[in-house]
1. Stick to the Cα atoms of region 107-188, pair each with every other, and give me the Kirkwood hydrodynamic radius in Å at one decimal.
2. Might you work out the accessible area of residue 91 for me, using a 1.4 Å probe with all protein chains in place, and round it to the nearest 10 Å²?
3. Using the heavy atoms of the protein chains alone and a 1.4 angstrom probe, what is the accessible area of the chain per residue in square angstrom?
4. When only Cα pairs under 8 Å and 6 or more residues apart are kept, what is the percent relative contact order across the chain?
5. For the chain, which whole-number percentage of the solvent-accessible area (1.4 Å probe, protein heavy atoms only) is attributable to carbon and sulfur atoms?
6. Can you give me the solvent accessible area of residue 165 with a 1.4 Å probe, rounded to the nearest 10 Å²?
7. Normalized C-alpha radius of gyration of the chain, against 2.2 N^0.38 Å?
8. Residues with amide H under 5 Å of residue 88's amide H, sequence separation 5 or more or different chain, H placed in the peptide plane at 1.01 Å from N; which?
Amino acid sequence: PTKEKMFRWPIDSPDQSNTLTTPASDIVDFSDTGNCIVVVDNHQNCQWLIDSQRNQKTLLVDGTDKRAFFSKNDKLVFLSPSNRIYEFNQWDKPIADLPDAICQAAVFSADGKYLVRGEEQSKDIIVYSVGQKKDIFQFSINEGTAKRMWLTDDNAHLIVYIESSGNAGVVVLDLAKLNSQANQEFPN
């Protein structure tokens with residue numbers, strides 16, 4: 001995308017690639033289905049949503065966010081640093097509006113009920129309930145700051161790529177066990 005072009009190979013016909021025209025960008029986020037790509041234009045500093053099937057771009061909400069994290073099947077989108085959750089293609093009103101913060105890493109649970117996020121300047125990982133519209137627990141990763149996250153389909157394990165003082169690593173956490181411990185220590 002730094003050269004204003006991307007190539008897409010559909011999984012059902014990998015021999016047929018198509019070229020996408022994109023703004024020059026250093027920040028690229030892909031939707032779960034691969035049908036959407038979000039880039040931040042290096043020149044205009046705006047966030048664009050690119051429909052990779054039609055090769056069309058539209059300003060994503062107001063364009064001021066820098067990252068987009070998609071749920072399974074692209075149903076929900078979490079934008080940062082505005083920290084709003086939207087139902088895909090329903091950009092007029094967010095379904096959740098959290099305090100502004102720059103999130104380097106975020107992931108939805110497979111069922112879309114939870115959002116797990118890590119803020120850029122913190123070692124804290126926060127689990128947010130989309131249905132209850134509140135943070136339900138948080139914990140710290142002492143090894144470093146979360147840069148990417150993945151959650152297993154059963155929501156049991158959280159895989160976190162971390163960076164700290166120039167070093168990088170991967171931590172696998174038993175999320176169900178952490179939740180259970182949090183409930184024992186802090187019942188409310």
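1. Every distinct Cα pair counted, the radius reaches 13.0 Å.
2. 60
3. Result: 57 Å² of accessible area for each residue.
4. 10
5. For the chain, the apolar C and S fraction of the accessible surface comes to 47 percent.
6. Per-residue accessible area (residue 165): approximately 120 Å².
7. 1.07
8. Result for residue 88 returns 76, 77.
The values are calculated or read from the model by the stated rules, or taken from the named source; none is laboratory data. This structure is a prediction, so every number in the text was calculated from the model and none was measured. Please note that ligands, DNA and RNA were not included when accessible areas were found on the heavy atoms of the full protein model with its side chains. Shrake-Rupley method; radii C 1.70, N 1.55, O 1.52, S 1.80 Å.
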